[in-house]
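No value in this document is a laboratory result; all are computed from the given coordinates. Because the structure is predicted, anything quoted here is derived from the model rather than measured. Cβ atoms come from the backbone with ideal geometry, glycine included; neighbour counts cover every protein chain shown.
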Amino acid sequence: MSKRNIFLGVIFAAMVLCLPPFLKNYGVYMFSTWLIYVIATMGLNLTVGYAGQKSLGHAAFFGIGAYTVAIMMKAGISWWLGLPTAVVLCFVLGLVLGFPALRVQTIYLAFATLGFNTAVFLVMRNEEWLTGGTFGLNGIPRPAIFGFDLKGQAGSVMHLFGVEFPLAKDLAFYYFVLAATAIATALLWGLLRSPWGKAFQALRDNPIRAESLGIDTRNYTLLSFAIGAVYAGVAGALFASLVDFIEPAPFAVGASIMMYLMVVVGGAGYFLGPLVGALIGMLIPEWIRDVAPSLANWYLPIFGATVVVMMVWLPDGLMSIPDRIRAKRDSRLASAKRAEATSEIAAIAAQSEGVAQ
Amino acid sequence: MSAPILKVDGLKKAYGAIQAVGGVSFEVMPGEIFGVIGPNGSGKTTLFNSMLGQIQPDEGSIELNGRDVSKCGPLELSRRGVGRTFQTLQVFSKMTVRDNLIVAAQEHQGTMLSRMFAPSDSGLGDKADALIKRFRIEHVAQLKAGTLSYGQQKLVDIAMAFMSEPDLVLLDEPCAGVNPSLVGGISALLKDLNQNPHHGKKSSFVVIEHNMDFVMDLCHRIMVMVEGQVLAVGTPAEIRGNKAVLEAYLGA
């Protein structure tokens with residue numbers, strides 16, 4: 001683990017642990033949504049950033065997770081049964097979506113996954129008997145954990161240094177989402193530092209070479225989709241419970257593209273990239289909409305323009321900045337050394353010329 | 001006389017009306033460095049691609065350690081002990097040099113499930129470091145492979161082929177695009193790897209190369225191909241003295 005990651009990790013941990021009790025309910029709600037998007041985009045980062053499979057269908061799995069839990073809970077089944085069902089469903093469908101990736105790559109794969117997302121979206125919108133169509137499903141309850149209902153209560157307070165702080169109603173569920181994010185992050189970290197992580201990157205960098213070294217590119221391609229989809233499914237399950245009302249819009253193709261942008265802006269293939277990406281793509285715009293609504297209309301155009309500029313100057317995302325600084329310093333040192341060596345050689349040459357004369 | 005590592009028998013491959021390889025047979029013995037030369041269009045690459053499982057031969061058999069592998073793809077061949085290098089640069093450019101070497105052998109141990117819980121370097125760190133030292137690329141071991149010079153990447157590519165202790169290494173133009181001053185170094189390195197393998201077991205090499213001096217210097221035996229046929233097989237001295245080879249290859 002690099003120093004940069006530890007540093008960012010500590011700042012992040014302090015922020016997500018200590019800040020929300022001081023926020024109003026809307027802020028806590030936004031923080032929860034942010035973390036949910038972090039889980040979803042972490043999965044996409046595995047598929048796109050590590051394994052190099054260009055997927056534009058991620059929001060479909062986000063939706064499948066959300067609808068699975070919502071439909072099951074409406075039928076009176078526990079969230080804790082809905083979650084594993086969503087996980088298994090997303091894993092299986094993720095594998096299925098991986099198959100086109102065995103035949104086509106890059107932009108063609110992106111189109112194939114986009115088609116999948118469109119199909120799933122249409123099911124959500126048109127199959128009213130199952131999904132409620134455009135009216136969606138409402139009244140999705142929150143789960144209970146160890147007998148503690150995460151629905152939360154308004155009116156709780158916290159005493160700190162003799163000052164009374166009112167606590168947001170959604171705080172209990174927020175900490176539940178935070179715990180889920182921590183577990184999801186730890187599991188992905190473990191997976192990526194195991195030999196699997198190297199195999200995924202080998203697949204991304206050069207699938208033909210990988211295969212010649214005994215790396216089963218077929219299995220790793222399919223699993224990169226399946227595991228990524230599971231992360232989206234878990235995020236969706238949390239999302240349904242958080243918002244209490246779901247409809248097809250957040251799971252449309254546009255959402256997939258936004259998630260892809262979050263991964264790219266944060267830094268595809270950088271472990272903490274999705275954290276930054278979801279912050280910029282989701283938390284900050286929502287926050288601006290809350291505190292300065294007049295600015296909010298400008299956020300998306302500015303964000304879009306920034307992405308264009310970034311793709312030109314910083315194609316590897318924000319998390320690549322330290323790497324770039326280091327690379328620049330290294331090359332400066334190298335050219336300084338080269339200049340020194342050249343002048344030395346010139347000096348020696350001049351000297352020997354002098355001797356020759 | 002021990003059994004050959006590689007036995008190619010009556011290999012044929014046609015593209016439409018063009019018979020790229022028309023019945024080629026040869027054997028490569030354990031520990032041998034076997035060179036394949038021939039002018040452009042002589043069928044070297046088609047032969048090589050068949051041995052690598054990239055294309056299916058029309059006829060004939062390819063045996064590795066006495067077992068038919070003519071139907072095996074690249075993945076299966078790697079598992080059965082065939083390592084290879086590529087004519088063009090084929091490293092994992094965003095991974096460090098050391099990780100390039102580790103990933104080159106990790107899939108040869110355990111199962112996918114066991115690898116999920118294996119240490120990050122799969123226990124291959126020492127082996128990778130030893131090979132890095134042998135290839136004299138210690139100073140770049142922690143750099144991303146894509147940032148290296150062409151010659152250095154070529155060395156990484158060759159080192160990767162040896163990580164998994166293959167029985168047979170197929171070298172596809174190891175000198176292509178390499179600075180002439182490095183060619184001698186690669187030759188010495190390959191000879192050394194052949195004589196003193198970094199693991200206990202000796203590997204056999206098959207080399208395709210245009211650089212005649214390199215082939216003559218490196219190989220124990222050389223096969224000359226012309227128009228999909230074997231023109232001659234022999235030691236470098238025999239090949240050098242073969243009139244037919246001189247005529248066909250040099251047009252003299």
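Overview of results
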read-out: For B:Glu59, distant residues with modelled amide H under 5 Å away; value: B:Lys12
read-out: Helix axis angle, B:180-195 relative to chain B longest principal axis, alpha carbon, degrees; value: 80
read-out: Longest DSSP-loop-exposure-free segment, trypsin sites (Lys or Arg not before Pro), chain A, at most 15 other Cβ within 10 Å; value: A:152-357
read-out: Two-site FRET efficiency, B:Ala17 against B:His220, from Cβ-Cβ distance with R₀ of 35 Å, rounded to 0.05; value: 0.45
read-out: A:Asp244 versus A:Arg324: modelled label distance in nm, points set 7 Å from Cα along the beta carbon direction; value: 4.4
read-out: Neighbouring partner chain Cβ atoms per residue of A:180-189, average, 10 Å criterion; value: 0
read-out: The range B:20-51 versus the range A:1-43: alpha-carbon centroid distance in Å; value: 59
read-out: Helix axis angle, A:253-266 relative to chain A longest principal axis, alpha carbon, degrees; value: 40
read-out: Full-stretch length increase - A:Val309, A:Arg103 - with 0.36 nm per residue and alpha-carbon distance subtracted; value: 70.9 nm
read-out: Of the chymotrypsin sites (Phe, Trp or Tyr not before Pro) in the range A:59-168, those whose Cβ has at most 12 other Cβ within 10 Å and which sit in DSSP loop; value: A:Phe146, A:Phe161
read-out: Highest to lowest packing among B:210-218, A:173-181, A:225-233, scored as the average C-beta count within 10 Å; value: A:225-233, A:173-181, B:210-218
read-out: Nitroxide proxy distance, nm - points 7 Å out along Cα→Cβ at A:Ser331 and A:Leu81; value: 6.0
read-out: Helical mean residue ellipticity (222 nm; -39500 (n - 2.57) per DSSP H run of 4+; nearest 500) of chain A; value: -24000 deg cm²/dmol
read-out: Between 0 and 90°, nearest 10: helix A:293-313 axis offset from chain A longest Cα axis; value: 30
read-out: Given 12 as the ceiling on other Cβ atoms within 10 Å, longest exposed-site-free region of chain B for trypsin sites (Lys or Arg not before Pro) in DSSP loops; value: B:1-70
read-out: Exposure proxy ranking, count of Cβ atoms within 10 Å, fewest first, for A:Met72, A:Met319; value: A:Met72, A:Met319
read-out: B:Asn196 paired with B:Lys133, simple spin-label distance in nm, labels 7 Å along Cα-to-beta-carbon; value: 1.1
read-out: Exercise: per-residue mean of other protein chain Cβ atoms within 10 Å, B:71-84; value: 3
read-out: Calculated FRET value between A:Ser343 and B:Glu76, using beta carbons and R₀ = 45 Å, to 0.05; value: 0.20
read-out: Test item: B:138-147 mean partner chain Cβ contacts at 10 Å; value: 1
read-out: Spin-label zone in the range B:1-42 - amide nitrogen under 20 Å from a point set 7 Å from the Cα of B:Asn65 along the C-beta vector; value: B:1-9, B:27-34
read-out: Label point 7 Å beyond Cα of B:Glu247 along Cβ direction - residues of the range B:190-230 with amide nitrogen under 19 Å; value: B:224-230
read-out: Percent antiparallel among DSSP beta bridges (both partners in the protein assembly as shown, rounded to 5); value: 65
